[in-house]
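Peer 1: Below is a structure I'd like to ask you about.
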Amino acid sequence: MYSRLMQPRARLKEIPDSLIFHLKRFDFNLRTLQRSKINDYFSFPDVIDMHPYTVSFAEGNPDDVQDLFELVGVLVHSGTAESGHYYSYTRERPSSKKHHTWVEFNDEIVSSWDFGSLETCCFGGPDLRPDSDSGFDKSYSAYMLFYQRTTSLAVQQTQLMVQTPNSPLQVPIHNKLASIIAIENELTLRKYCLYEPAQALLMSRMLNNMRKFNNGVCTSSHNREKDVLHVSLHFLDQVVARAKDLPHFAAYLSAINRICQGCAECSRDYIDWYTGYGDALRMLLLRNPDAAVRSEISNSALAALKKVKADATYAYGFEDDADSMEAAPQVILHFVDGLTQLYDTFHMNTRAWPEYFGLLNDIAHLGRLEAIVLLDRDFLRKILFIVCADPLLPMDPQYQKMWSNITKRMATRPVSYEAIISLLCRLLESCDNSLDPVANTGNRLVGALEGGPIALTRGERHLLVQQWTRTQSNILVEKLLQIDHNDFAVQRILQWLLKWSAETGEMVEESIYRAIVGGLQRSSTNLSPKSALRAAFTYCEHAEATDAVRKTIEEVSRAAQMDNAAGIEYVEFLKDVLDLAEKNGNVTQYEIMHATVDNVGIWAPNLLTSYEASVRAMTETMVRELILDRQDEIAFEDDRDKGAQMVVQSARNLATSCLDFIQETYLRQGVAVVQASLLNIQVVLHECSVYFVEEDQFHIRHDGMLLDTGYLMDIANLYSYDGGTQEVCSGRS
């Protein structure tokens, strides 16, 4: 008794009839400064005795005295520390049934629950279901426990039993609470009626019958059509687009589209409704979880804009002068303003980027003036911020949150930049890159209406030319290559930047080259080289620097030397760049040929032993065309002797490089290799032997013996060994 009294513990003097236990399911890591969910297994009883935790027990009252509490409710949390869902299991009390009944409350869904599944549903711990991975804990577990004193439950049960058996237990309710319940019941009934399938059919019939009251045409005032259309759109937003599995969405929106395409005024009312109800546009275009809804709403709005532009020009928004434009309805301007307001939350809805930025891109492609409207809403600078976002750069809070959301997405669900890059390309091409940048203020649309060219702003120019301090590479180009979306638009952006550099003297050409080199170096490790190689070809095609092609071919050759997985892309680049003299007046065919042949010892060996037979064959064909088949006739314009010396020396360098490659890659490492993968390089080695004369013989050392070029055909027999003491090297006698 003494030891029990002296234990340092808190005890309860009085215990209420109801107890609530809050389980510690969340934690905060002071090292990482992040919250985490604790999904450990924790069991709890359905009945607990609280007497051992009271002051009375500590003062020596008998141990057999009990103060029992029964489990009557469990609040469950499902999810992570950052997001999740709460629902509850509640015991019905008092109850007219012999056994305890439990009910699950999950939002608006109320259903019966089997108390026998308490451990499975509430204790947490490993998920041991046959169809799940036992290596992970359940994401759902009890968060709060509710207990009620057994004697209190007995009193409630007794009150129920003394009443008339057929009447339910009556609980007095305050008048204010009773009114709230009545309102909630009425709203529930309304929701039930609204979501009844017959309601959607009724609304569709109303749309189809609207014009039958006026001989198939709209009324002159258009008031009735406007009212019907707006009611239908509210029903679309609140009901049709939110229904599970969208049973009526496609047919319902098609009915609205038919009305809009039949009348420009209806299309105008359709666009005006989105302008007046920004929250509806946000829900349908940004926040709706179904991509089909977002896509169809985007297409529908664009079609309505086209209809207004074609058949209701006065209402569209582009008049000949500023005074007339201000007096016009300006449908396009108001709608773009509504889309601009949605930009405040675009970073929270990355899955809707294809639809949101896709609609902006489609509007920009309606015409030059539409693109300039987006320029005036600062979308070029905004898009550049999105593409160039990086934790090492200063970012506003909105872009910091955007970056965080992007990095949290699974690798299998990357964010789509297709529409963003296409919009960036369109906005850049709408600007005259021969003009000096202007201040960040001013109405560029007014100047465009007067027929003047459009210049970049200083803020836009800064984002286009900014470079990394260490590598001096262009940040925009580097990010575009890393994103690797929308190749066609990226190449046009590169062309625009290179032309801008040539016409205005902007120092971006060298920084673009450095960004491409960085992309090639990254591709030799774990990234695909496609985007960097396409950019490298565009750079060769449009760069003004006289040595642009030579430098680029050298860098591509080094990347091909290290990359074992993407040989076809390197071969295609080399083939395309050999035909470049016809497109780029700054470089001759001889210069391109010289740069390619001069680096053949770098790019050819690895490609000649590629895993893919097609790559090996294409590489051998290219080497044959460049060197091996030119032993009888070598002519590059007027440089016959110079070209001949180049080919002979390149053939010798190629043979030496191939043997060094085989030694370092296979023999020195003791790596077994499929003999078929060495047939092409064997052929190249054999045919290179003709470029060595008697007094300048080429040798291979094997086990201390010198073998001349006549034995090159037999080298392949050595390659199928699995190691040993073999050593292959090259030298001159």
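The values are calculated or read from the model by the stated rules, or taken from the named source; none is laboratory data. None of the values given here were measured: they were computed from a predicted structure. Neighbour counts are summed over all protein chains in view; Cβ atoms, including those assigned to glycine, are modelled from backbone coordinates with ideal geometry.
Peer 1: The conditions are (1) at pLDDT below 75; (2) over 18 Å from Gly601 (Cα atoms); (3) surrounded by 16 or more Cβ atoms within 10 Å (Cβ to Cβ), and Leu667 fails exactly one of them. Which is it?
Peer 2: Checking Leu667 against (1) at pLDDT below 75; (2) over 18 Å from Gly601 (Cα atoms); (3) surrounded by 16 or more Cβ atoms within 10 Å (Cβ to Cβ), the one that fails is (1).
Peer 1: Keeping to the range 41-77, report how many residues are surrounded by 15 or more Cβ atoms within 10 Å (Cβ to Cβ) and within 28 Å of Asn106 (Cβ to Cβ).
Peer 2: 12
Peer 1: Can you confirm whether Tyr53 is farther than 24 Å from Cys122 by Cα, in contact with a strand residue (DSSP E or B) (Cβ under 8 Å, 6 or more places away or on another chain) and hydroxyl-bearing (Ser, Thr, Tyr)?
Peer 2: It is true that Tyr53 is farther than 24 Å from Cys122 by Cα, in contact with a strand residue (DSSP E or B) (Cβ under 8 Å, 6 or more places away or on another chain) and hydroxyl-bearing (Ser, Thr, Tyr).
Peer 1: Take the conditions of a type in the set (A, V, I, L, M, F, W, C) and in contact with a Pro (Cβ under 8 Å, 6 or more places away or on another chain) and apply them to Leu236. Does it pass? Talk me through it step by step, then tell me what you get.
Peer 2: Values: of a type in the set (A, V, I, L, M, F, W, C): yes; in contact with a Pro (Cβ under 8 Å, 6 or more places away or on another chain): no.
Judged against the criteria, Leu236 is not a match.
Peer 1: Hey, another quick one. For the condition modelled with pLDDT of 90 or more and touching a Gly at 6+ places or on another chain (Cβ under 7 Å), what is the one hit in Ala515, Ala535?
Peer 2: Result of the check over Ala515, Ala535: Ala535.
Peer 1: May I pose another question? Would you pick out the residues in the range 489-506 that are over 14 Å from Tyr539 (Cα atoms) and in contact (Cβ under 8 Å) with a residue 24 or more places away in the chain? So that I can check it myself, show each step before the final result.
Peer 2: Going residue by residue through the range 489-506, those that are over 14 Å from Tyr539 (Cα atoms) are 489, 503-506.
Residues satisfying the conditions are Ala489, Glu503, Thr504, Glu506.
Peer 1: Do we have any residue at all in the range 362-369 that's of a type outside the set (Val, Ile, Thr) and farther than 26 Å from Tyr274 by Cα?
Peer 2: No.
Peer 1: Separate question: Quick check on the range 622-637: of everything there that is at pLDDT below 70 and not β-branched (Val, Ile, Thr), which residue is surrounded by the fewest Cβ atoms within 10 Å (Cβ to Cβ)? Break it down stepwise before answering.
Peer 2: Taking the range 622-637 first, the residues at pLDDT below 70 are 631-637.
Subset that is not β-branched (Val, Ile, Thr): 631-633, 635-637.
Numbers: Gln631: 14, Asp632: 5, Glu633: 8, Ala635: 10, Phe636: 19, Glu637: 11.
Top of the filtered list is Asp632.
Peer 1: In the range 162-180, which residue that is surrounded by 11 or more Cβ atoms within 10 Å (Cβ to Cβ) and modelled with pLDDT under 90 is farthest from Ser36 (Cα to Cα)?
Peer 2: Gln163
Peer 1: Still on this structure, please answer the following. Can you report the number of residues in the range 376-395 which are in a helix (DSSP H, G or I) and closer than 24 Å to Leu481 by Cα? Quick ask: steps written out before the conclusion?
Peer 2: Pass one, the range 376-395, residues in a helix (DSSP H, G or I): 376, 379-388.
Next, from what is left, pick out any that are closer than 24 Å to Leu481 by Cα: 379-388.
Residues in the range 376-395 being in a helix (DSSP H, G or I) and closer than 24 Å to Leu481 by Cα: 10 in total.
Peer 1: Among the residues of the range 72-92, is any modelled with pLDDT under 90 and within 19 Å of Asp17 (Cβ to Cβ)?
Peer 2: No - not one qualifying residue is present in the range 72-92.
Peer 1: Before we move on, is Gly585 of a type outside the set (A, V, I, L, M), farther than 25 Å from Gln645 by Cα, over 36 Å from the mean Cα position of the chain (by Cα) and modelled with pLDDT under 90? Don't jump to the end; show me each part of the working.
Peer 2: On the way: of a type outside the set (A, V, I, L, M): yes; farther than 25 Å from Gln645 by Cα: yes; over 36 Å from the mean Cα position of the chain (by Cα): yes; modelled with pLDDT under 90: yes.
For Gly585, the condition - of a type outside the set (A, V, I, L, M), farther than 25 Å from Gln645 by Cα, over 36 Å from the mean Cα position of the chain (by Cα) and modelled with pLDDT under 90 - is met.
Peer 1: Please go through the range 287-307 and give me each residue that is closer than 21 Å to Glu370 by Cβ and either out of contact with any helix residue (DSSP H, G or I) (no Cβ under 8 Å at 6 or more places or on another chain) or at pLDDT below 95 (or both), ordered by number.
Peer 2: Listed by number, the residues that qualify are Asn299, Lys306.
Peer 1: How about the range 24-135: which strands (runs of 3 or more DSSP E) wholly inside it have at least 2 residues that are under 30 Å from Gln156 (Cα atoms), in contact with a Leu (Cβ under 9 Å, 6 or more places away or on another chain) and among the hydrophobic types (A, V, I, L, M, F, W, C)?
Peer 2: 47-49, 68-79
Peer 1: Then there is this: Mind listing just one residue for me: the one in the range 351-384 that is among the hydrophobic types (A, V, I, L, M, F, W, C) and within 16 Å of the chain's Cα centre (by Cα) and, of those, surrounded by the fewest Cβ atoms within 10 Å (Cβ to Cβ)?
Peer 2: The selected residue is Trp353.
Peer 1: Continuing with the same structure: Answer yes or no as to whether Ser152 is at pLDDT 85 or above, in the same structural domain as His99 (by TED's automatic domain parsing) and over 30 Å from Glu82 (Cα atoms).
Peer 2: Taking the combined requirement at face value, the residue satisfies it.
Peer 1: Take the residues in the range 492-507 that are within 13 Å of Ala545 (Cβ to Cβ) and modelled with pLDDT under 90; name whichever of them is surrounded by the most Cβ atoms within 10 Å (Cβ to Cβ).
Peer 2: Just the residues of the range 492-507 that are within 13 Å of Ala545 (Cβ to Cβ), to begin with: 498, 501-502, 507.
Filter once more, so that each one left must be modelled with pLDDT under 90: 501-502, 507.
Numbers: Ser501: 22, Ala502: 17, Met507: 10.
Per the criteria, the residue is Ser501.
Peer 1: In addition: Only one residue in Phe105, Phe123, Phe136 is in contact (Cβ under 8 Å) with a residue 24 or more places away in the chain and either of a type in the set (Phe, Trp, Tyr) or not assigned by TED's automatic domain parsing to the domain that holds Phe42 (or both). Which one?
Peer 2: None of the others qualify; the one that does is Phe123.
Peer 1: Can you pull out every residue in the range 5-39 that is within 38 Å of the chain's Cα centre (by Cα) and either surrounded by 13 or more Cβ atoms within 10 Å (Cβ to Cβ) or of a type in the set (Ser, Thr, Tyr) (or both)?
Peer 2: Answer for the range 5-39, where residues must be within 38 Å of the chain's Cα centre (by Cα) and either surrounded by 13 or more Cβ atoms within 10 Å (Cβ to Cβ) or of a type in the set (Ser, Thr, Tyr) (or both): Leu23, Arg25, Phe26, Thr32, Ser36, Lys37, Ile38, Asn39.
Peer 1: Scan the range 471-488 and give yes if some residue there is free of Cβ contacts under 8 Å to residues at least 12 places away in the same chain, surrounded by fewer than 19 Cβ atoms within 10 Å (Cβ to Cβ) and in the same structural domain as Cys540 (by TED's automatic domain parsing), otherwise no.
Peer 2: Yes: one or more hits.
Peer 1: When you look at Glu225, is it surrounded by fewer than 19 Cβ atoms within 10 Å (Cβ to Cβ), of a type outside the set (A, V, I, L, M, F, W, C) and over 30 Å from the mean Cα position of the chain (by Cα), yes or no?
Peer 2: no
Peer 1: Determine which single condition Ser112 fails, assuming it passes every other condition in (1) small (Gly, Ala, Ser); (2) touching a helix residue (DSSP H, G or I) at 6+ places or on another chain (Cβ under 7 Å); (3) exposed (fewer than 15 other Cβ atoms within 10 Å of the Cβ).
Peer 2: That leaves (2) as the condition not met.
Peer 1: Yes or no: the range 334-349 includes at least one residue that is out of contact with any Phe, Trp or Tyr (no Cβ under 6 Å at 6 or more places or on another chain), outside any helix (DSSP H, G or I) and either under 19 Å from Asn443 (Cα atoms) or at pLDDT below 95 (or both).
Peer 2: Yes: the range 334-349 contains one or more residues that are out of contact with any Phe, Trp or Tyr (no Cβ under 6 Å at 6 or more places or on another chain), outside any helix (DSSP H, G or I) and either under 19 Å from Asn443 (Cα atoms) or at pLDDT below 95 (or both).
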